[in-house]
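**Q** This is the structure, below, for whatever I ask next.
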Amino acid sequence: MILAIDTSLGTAVAAVEPDGVVRAQVESADPRGHAEVIGTLIEQALAEAALGPADITHVAAGMGPGPFTGLRVGIAAARVFALGRGIPVVPVASHDAVALELLLHAALCGGFEDAEHAPFAVVTDARRREFAYTVYGDIDDDGLPVRLAAPTLALRDDLDGILEAGGIARRDADRIPAAMLGLVAARALAAGRTIGPDEALYLRSPDVTLSAGPKRVTA
């Protein structure tokens with residue numbers, strides 16, 4: 001049983017069975033209130049799924065890309081829950097969850113509108129007039145989205161030109177589906193693969209930096 005947690009955009013939590021059955025999925029769209037709601041959403045997801053902490057065998061952590069402050073809340077929550085239970089954390093690139101949802105929908109509905117197998121970019125707002133995007137192809141033999149390019153930042157005014165030059169369709173996302181995050185983790189575990197990064201995909205340094213040293217005090 002996988003508990004999936006992501007705070008790269010809003011805050012999303014899901015409980016997913018290894019075969020992909022979604023037992024619960026709850027979320028908050030607030031892009032800044034992660035710390036205030038993460039504990040409540042975890043409790044709510046477990047309650048809706050009729051599960052206790054002891055029933056969880058893995059924790060899928062959305063590793064971004066996302067803003068520093070918000071993203072670290074979800075990663076910390078995933079790691080603390082896993083540490084308390086003595087179970088593994090499965091890191092997942094957050095955009096992979098969106099890509100899998102799009103690819104599954106395309107398979108059911110007969111392909112994307114633009115072109116059935118054209119490369120596409122999952123695009124999320126990185127704030128400060130920038131977008132984060134990851135380029136994908138199709139689903140591989142393990143049922144996982146094929147990442148053609150690593151997550152990258154681009155200025156809002158430049159992104160469309162970059163994608164058009166590469167013949168890449170744009171797919172904007174305003175949420176990360178935690179259920180799909182859990183499904184990506186389940187498929188990676190079944191295939192014996194590690195597909196997510198060990199460290200968070202912040203893409204941008206935090207605003208707060210360590211001091212260069214104590215300030216000199218003068219009378």
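We did not get these values from a lab; they are worked out from the coordinates using the rules stated. Since the model is a prediction, treat every value here as computed from it, not as a measurement. Because the Cβ atoms are built from the backbone with ideal geometry, glycine has one as well, and the counts that use them run over all protein chains shown.
**Q** Report the Cα centroid-to-centroid distance between region 52-131 and region 35-51 in angstrom, as an integer.
**A** So the separation of the two Cα centres works out to 18 Å.
**Q** When you count, for each residue, the other Cβ atoms within 10 Å and take the mean per peptide, how do 150-158, 44-52, 118-126 rank with the highest first?
**A** 118-126, 44-52, 150-158
**Q** Here's another thing I want to ask about it. Given a cut-off of 16 Å, what percent of all Cα-Cα pairs of region 1-65 lie beyond it?
**A** 40
**Q** Another one. Over the chain, what is the relative contact order in percent, taking alpha-carbon pairs closer than 8 angstrom and at least six residues apart?
**A** Worked out over the chain, it gives 25 percent.
**Q** Taking the Cα-to-Cβ direction at Asp55 and at Thr152 and moving 7 Å from each Cα, how far apart do the two end points lie in nm?
**A** For the pair Asp55/Thr152, the computed spacing is 4.3 nm.
**Q** At 222 nm, what value in deg cm²/dmol follows for the chain if DSSP H runs of at least 4 each add -39500 (n - 2.57) and the sum is divided by all its residues, to the nearest 500?
**A** On the way: 5 runs with 73 residues, N = 219.
Taking each H run of at least 4 residues, the total per residue is -11000 deg cm²/dmol.
**Q** Could I ask something else about it? Please list the equivalent ellipsoid semi-axes of region 45-169, computed as the square roots of five times the alpha-carbon gyration tensor eigenvalues, in descending order and whole angstrom.
**A** Taking √(5λ) for each Cα gyration eigenvalue gives 31, 20, 11 Å.
**Q** Which helices, taking whole DSSP H runs in the chain, have alpha carbons extending 18 angstrom or more along the helix axis plus mean Kyte-Doolittle at least 0.0?
**A** Within the chain the helices that satisfy the rule are 34-48, 68-85, 94-109, 178-191.
**Q** Next question. Subtract the Cα-Cα distance of Arg127 and Asp160 from 0.36 nm times their separation in residues, and report this length gain in nm to one decimal.
**A** Length gained between Arg127 and Asp160: 10.2 nm.
**Q** Another question, if that's okay. Take Leu108, project a point 7 Å from its Cα along the Cβ direction, then tell me which residues of region 1-43 have their backbone nitrogen under 16 Å from it.
**A** Taking a point 7 Å out along Cα→Cβ of Leu108, the residues of region 1-43 whose backbone N falls under 16 Å are 20-25.
**Q** Let me ask another. In the chain, what % of DSSP beta bridges are antiparallel (nearest 5)? Please report the intermediate quantities before stating the final value.
**A** Values: 25 of 37 bridges.
Looking only at bridges with both residues in the chain, the antiparallel portion is about 70 percent.
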